[in-house]
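The values are calculated or read from the model by the stated rules, or taken from the named source; none is laboratory data. Keep in mind that what you see is a predicted model, and the values were worked out from it rather than measured. Here the Cβ positions follow ideal geometry from the backbone for every residue, glycine too, while neighbour counts run over all protein chains shown. SASA here: full protein model, heavy atoms, side chains in, ligands and nucleic acids out. Shrake-Rupley method; radii C 1.70, N 1.55, O 1.52, S 1.80 Å.
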Amino acid sequence: MGPIRRLGHSLVISLWFMFLTFPIMVPKVDTIEKTVQWRWDNLLYVGAGSFFLSLLWRFLLERKERGPFRAAEREQKPDAPTWADRLRGNPRALRSVVVILALAVCIFPFLPFVTTYQVNILTNAILYIMLGLGLNIVVGLAGLLHLGYVAFYAVGAYTYALLYYHFGVGFWTALPLGALLATLFGVLLGFPILRLRGDYLAIVTLGFGEITRLVLENWGEFTFGPSGIAGIPRPGLFGMEMNLHEVTIYIYFLMVGLCLATIFVVRRLQDSRIGRAWVALREDEIACEAMGVDTRMAKLTAFALGSTWAGLAGVVFAAKTTFVNPASFTFLESAMILSIVVLGGMGSIAGVALGALILILTPEYLRAFSEYRMLAFGVIMVLMMVFRPQGIVTGVRRVYTYTRKGQDGKET
Amino acid sequence: MTEPLLDIRDLTMRFGGLVALSGVGLHVSAGEVVALIGPNGAGKTTLFNCVTGIYQPTAGDIFINPPGGPRRRLNGMKTHRITAAGIARTFQNIRLFPEMTVLENVMIGRHCRTRAGVLAAILRDRDTRREEREVVERSYEILERFDLADHVNDLAKNLPYGDQRRLEIARALATEPFLLLLDEPAAGMNPKETDELEGLIRRICDEEKVSVLMIEHDMRIVMSISDRIVVLDYGQKIAEGTAAEIWENPAVIKAYLGEETL
Ligand SMILES: Nc1ncnc2c1ncn2[C@@H]1O[C@H](COP(=O)(O)OP(=O)(O)OP(=O)(O)O)[C@@H](O)[C@H]1O
Ligand SMILES: [Mg+2]
């Protein structure tokens with residue numbers, strides 16, 4: 001498109017915007033003084049703003065469309081290496097990044113300007129990393145669109161809450177029990193959905209998530225209904241007395257530990273016979289089955305193992321907030337976790353971590369603009385879908401560790 | 001005489017009112033290359049899908065006599081179990097795992113010959129590591145024989161078309177079958193690639209002791225490679241025999257060239 005036409009296009013768009021926003025942006029009626037104030041300068045801002053935004057939008061879109069062709073000119077490589085690829089190709093740089101990150105994570109809660117609140121929201125973000133990694137097994141690896149993930153999160157949280165309420169069970173006992181119960185629920189949900197694919201699967205899992213929430217809300221004598229269960233104890237440390245700030249830091253490190261465990265396990269799973277079967281299942285179910293993979297089993301294990309992490313996260317959530325009620329487990333929560341996986345890059349651990357940090361921390365720090373934060377959230381998601389549908393971090397398959405082993409195979 | 005490896009009897013497959021296969025009998029003996037030919041829509045792929053458990057046949061029996069194993073009936077068996085029992089296939093329209101590497105594609109073929117479960121994956125004990133190494137080495141070795149060793153780490157979707165076809169055969173072979181079902185392996189290949197493919201199939205039969213049942217439209221390769229040819233038309237077997245016999249059979253000529261030319 002020529003530059004003149006481009007300008008013309010943007011001009012038309014800005015005129016439209018000025019016309020559409022005119023009634024709310026320009027006249028201001030003062031009903032007491034009975035005067036009308038004409039704020040023409042607002043019209044100017046809207047016009048100029050939409051004009052430049054549309055120019056920018058168009059420019060970026062065109063650049064994106066040109067992208068693949070330019071890449072094709074550069075020696076036929078479909079994906080240009082990103083900073084993430086480059087980092088992966090350089091083990092020393094990668095190691096130093098990991099060390100710096102680890103140090104930062106350890107020091108963070110003790111920095112003088114860091115408040116309890118800030119430690120708390122970072123803990124929250126790490127909790128979502130764990131949830132994202134769990135869902136990533138189901139959605140990113142096995143390719144099963146799961147919209148009811150929050151149900152298993154709820155199972156974990158209520159396991160701890162109810163076990164404490166009725167039997168006085170402590171956090172450390174509840175942690176494995178919550179994981180176990182969530183896994184069990186995962187298997188139970190797994191069976192009916194084994195035959196479903198794509199949209200149908202999404203609808204059924206969505207239904208399952210909502211049913212779980214409705215049961216929690218309405219089964220009063222068991223779950224205490226919408227009012228929830230309060231006074232759940234925070235995790236203890238050998239019976240030590242801790243004030244709120246200390247216990248927050250303790251939960252923070254607990255969460256970091258659990259998250260590291262998750263990463264460890266998920267990495268090993270990804271890089272195993274089961275993990276490969278999941279990816280094959282995602283790529284082509286019929287071929288996968290024809291190559292001798294028990295696809296029902298693969299789906300069941302993906303569901304069960306994905307749910308395990310939700311269960312663990314749920315127990316920590318209950319302990320952290322000391323209160324659970326059904327309102328914490330709405331569909332919005334499932335959508336949020338799914339967004340983390342999609343935004344970060346499906347199937348990539350670093351991607352999921354980054355996605356969780358961005359999606360959880362941004363709204364927290366944007367609280368100052370709280371009216372606009374859902375808007376900003378929407379804009380970010382739309383931009384991502386347009387410009388980088390594969391997520392922030394991609395290309396994980398190529399560094400799947402056994403490709404290296406393949407070269408070992410060549411040497412031996 | 002020993003029992004045939006694959007023994008199909010009176011196989012019928014209906015889709016609603018459409019009879020895709022009616023009363024087809026077919027057998028493949030050890031060491032044989034059998035070609036299955038017929039006009040478009042004759043029911044060739046449907047027969048493959050019945051044998052591999054993707055479709056449940058409406059009537060008829062499918063038996064296998066694996067070398068060194070008991071006779072088994074395949075009807076009603078799950079697809080992955082049939083693969084584990086020793087029948088592997090390729091697809092008419094290539095069905096690789098596009099976002100996985102070439103090596104990984106073949107490694108999936110090893111899935112049914114390995115055991116590592118969830119716990120083994122997490123603990124990664126010695127047995128698991130050894131099994132994993134064996135899978136990699138075995139897969140790499142297969143790729144070497146298929147001339148794909150240079151592409152080990154490429155994504156399957158980035159391979160040239162001919163290589164993708166070969167990779168599909170390599171992946172099927174990784175499951176250690178005694179019978180390989182190839183659905184139009186030469187489709188879309190140029191003459192040179194077709195010749196290479198022919199050599200490859202020959203080598204598979206001789207070296208791996210694998211028998212082949214092959215659907216193919218390219219008559220050149222059918223004529224030169226197959227021990228026996230079976231012709232399907234409108235779901236019925238209309239002829240069976242050697243290449244020479246088939247081309248003298250009036251029913252075949254009619255099916256291929258139409259009524260008028262007779
Ligand atoms: N799942 C199905 N549902 C309904 N009809 C089907 C199904 N699969 C195949 N058919 C029909 O069965 C008939 C045989 O199809 P098939 O794919 O076996 O033919 P083919 O011999 O492989 O042909 P081609 O040479 O074109 O591959 C066709 O009429 C087809 O439309
Ligand atoms: Mg066909």
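Could you work out [θ]222 nm for the protein assembly as shown from helices alone, using -39500 (n - 2.57) per DSSP H run of at least four and dividing by all its residues? Round to the nearest 500 deg cm²/dmol.
Working: 27 runs with 395 residues, N = 674.
It lands at -19000 deg cm²/dmol.
Sticking with the crude label model, points 7 Å out along Cα→Cβ, report the distance from A:ARG195 to A:LYS34 in nm, one decimal please.
Going from the A:ARG195 label point to the A:LYS34 one covers 7.4 nm.
Counting only other chains, what is the mean number of Cβ atoms within 10 angstrom of the Cβ of each residue in peptide A:293-300?
Other-chain Cβ atoms within 10 Å of each residue's Cβ, averaged: 3.
Roughly speaking, what is the stretch gain from A:THR21 to A:PHE167, that is 0.36 nm per residue apart minus the C-alpha to C-alpha distance, in nm to one decimal?
Taking 0.36 nm per residue and subtracting the Cα distance, the gain is 46.5 nm.
Which of the helices in chain A, when you take each full DSSP H run, stretch at least 18 Å along the axis at their Cα atoms and have an average Kyte-Doolittle score of 1.6 or higher?
A:91-107, A:171-193, A:331-344, A:349-365, A:373-387
Taking every residue in B:131-140, how many Cβ atoms of other protein chains lie within 10 Å of its Cβ, on average? Provide the component values of the computation, followed by the final result.
Values: counts 1, 6, 5, 0, 5, 8, 6, 1, 3, 7.
Other-chain Cβ atoms within 10 Å of each residue's Cβ, averaged: 4.
Expected output is a single nm value to one decimal: the length gained when fully extending between A:LEU60 and A:TYR372, i.e. 0.36 nm times separation in residues minus the C-alpha distance. What is it? Write out the running numbers ahead of the final one.
Working: separation 312, 0.36 × 312 = 112.32 nm, distance 2.38 nm.
Contour length minus the Cα-Cα distance gives 109.9 nm.
When the dipole is taken about the Cα centre of the protein assembly as shown, and only Lys, Arg (+1) and Asp, Glu (-1) are charged at their Cβ, what size is it in debye, to the nearest 20?
Dipole size: approximately 1700 debye.
Contour minus end-to-end for B:ARG145 and B:ARG220, with contour as 0.36 nm per residue of separation and end-to-end as the Cα-Cα distance?
Separation in residues times 0.36 nm, less the Cα-Cα distance, equals 24.6 nm.
Long-range amide H contacts for B:GLY31: which residues qualify at under 5 Å (H placed 1.01 Å from N, peptide plane, sequence gap of 5 or more or a different chain)?
So B:GLY31 has HN proximity to B:SER211.
Ignoring the sites themselves, what is the longest stretch of chain A with no GluC sites (Glu not before Pro) in a DSSP loop and at most 11 other beta-carbon atoms within 10 Å? Intermediate values should be presented prior to the final figure.
On the way: sites that count: A:GLU33, A:GLU75, A:GLU241.
Between the exposed loop sites, the longest stretch runs A:242-412.
Counting only DSSP beta bridges with both residues in the protein assembly as shown, what percent are antiparallel, rounded to the nearest 5?
If I count the DSSP bridges inside the protein assembly as shown, around 60 percent turn out antiparallel.
Would you calculate the separation in nanometres between label points at B:ARG129 and B:ALA243, each defined as 7 Å from the Cα along the Cα-to-beta-carbon direction?
That separation, rounded to one decimal, is 5.3 nm.
Taking the Cβ-Cβ separation of B:PHE15 and A:ILE107 as r and a Förster radius of 56 Å, what is the calculated FRET efficiency to the nearest 0.05?
E(calc), rounded to 0.05, equals 0.25.
What does the average come to when, for each residue of peptide B:152-158, you count the partner chain Cβ atoms lying within 10 Å of its Cβ?
Partner-chain Cβ atoms within 10 Å, mean over residues of B:152-158: 4.
Label A:HIS9 and A:LEU94 with points 7 Å out from Cα along Cα→Cβ: what is the distance between them in nm?
4.1 nm
Can you return the aspartates and glutamates within cross-link range of B:LYS78? Criterion is Cα-Cα under 14 Å, with same-chain partners fewer than 8 residues away left out.
Filter leaves A:GLU285, A:GLU289, A:ASP294.
With a 10 Å cut-off between alpha carbons and a GNM built on chain B, which of B:ARG171, B:ARG145, B:ARG129 moves the most?
Answer for the Gaussian network model of chain B: B:ARG129.
Name the most mobile residue of A:GLY140, A:GLY257, A:GLY156, meaning the one with the largest mean-square fluctuation, in a Gaussian network model of chain A with Cα contacts below 10 Å.
Highest fluctuation of the listed residues: A:GLY257.
In Å², and per residue, what accessible area does the protein assembly as shown have when probed at 1.4 Å with the other protein chains present?
49 Å²
Taking 8 Å as the Cα distance limit and 6 or more residues as the minimum spacing, I'd like the relative contact order of chain B as a percentage.
Relative contact order of chain B: 27 percent.
Counting other C-beta atoms within 10 Å, and keeping those with at most 12, which DSSP coil chymotrypsin sites (Phe, Trp or Tyr not before Pro) do you find in the range A:129-224?
Passing sites in the range A:129-224 are A:TRP219.
Could you tell me the total accessible area buried at the B-A interface, probe 1.4 Å, in square angstrom to the nearest hundred?
Buried area between the two chains comes out at roughly 3600 Å².
Expressed as a whole percentage, what fraction of the accessible surface of the protein assembly as shown belongs to carbon and sulfur atoms when a 1.4 Å probe is rolled over the protein heavy atoms?
Details: 20370 of 32740 Å².
Answer for the protein assembly as shown: carbon and sulfur cover 62 percent of the accessible area.
Would you pull out the residues with amide H under 5 Å of B:LEU159's amide H, same chain only if 5 or more places away, H placed 1.01 Å from N?
Here the answer is none, since no amide H 5 or more places off falls under 5 Å of that of B:LEU159.
Please check: in the Gaussian network model of chain B (C-alpha springs, under 10 Å), which one of B:GLU104, B:GLU208, B:GLU184 has the largest mean-square fluctuation.
Comparing B:GLU104, B:GLU208, B:GLU184 in the GNM, the peak value goes to B:GLU208.
Buried by at least 50 Å² relative to the chain on its own: which residues of the range B:84-117 qualify, computing accessible area with a 1.4 Å probe on protein heavy atoms?
For the range B:84-117, once contacts with the other chains are taken into account, B:ARG95, B:PHE97, B:GLU99, B:MET100, B:GLU104, B:ILE108, B:HIS111 lose 50 Å² or more.
Relative contact order of the range A:3-73: what whole-number percent is it, with Cα pairs under 8 angstrom and at least 6 residues apart?
Values: 49 pairs, mean separation 24.3, N = 71.
Computed over the range A:3-73, the figure is 34 percent.
Between their Cα atoms, which of A:LYS64/A:LYS299; A:LYS299/B:LYS237; B:LYS192/B:LYS237; B:LYS44/B:LYS254 are more than 29 Å away from each other? Walk me through the intermediate numbers first.
On the way: A:LYS64/A:LYS299 36 Å; A:LYS299/B:LYS237 39 Å; B:LYS192/B:LYS237 32 Å; B:LYS44/B:LYS254 18 Å.
Pairs exceeding 29 Å: A:LYS64/A:LYS299; A:LYS299/B:LYS237; B:LYS192/B:LYS237.
From Cα pairs below 8 angstrom and at least 6 apart in sequence, can you work out the relative contact order of chain A, rounded to a whole percent?
Averaging sequence separation for qualifying contacts and normalising by length gives 23 percent for chain A.
Quick one: which of B:75-84, A:175-184, B:116-125 comes out on top by average Cβ neighbours within 10 Å, and what's the full order, highest first? The partial results should precede the final answer.
Values: B:75-84: 18.6, A:175-184: 20.9, B:116-125: 15.8.
In decreasing order of mean packing, B:75-84, A:175-184, B:116-125 become A:175-184, B:75-84, B:116-125.
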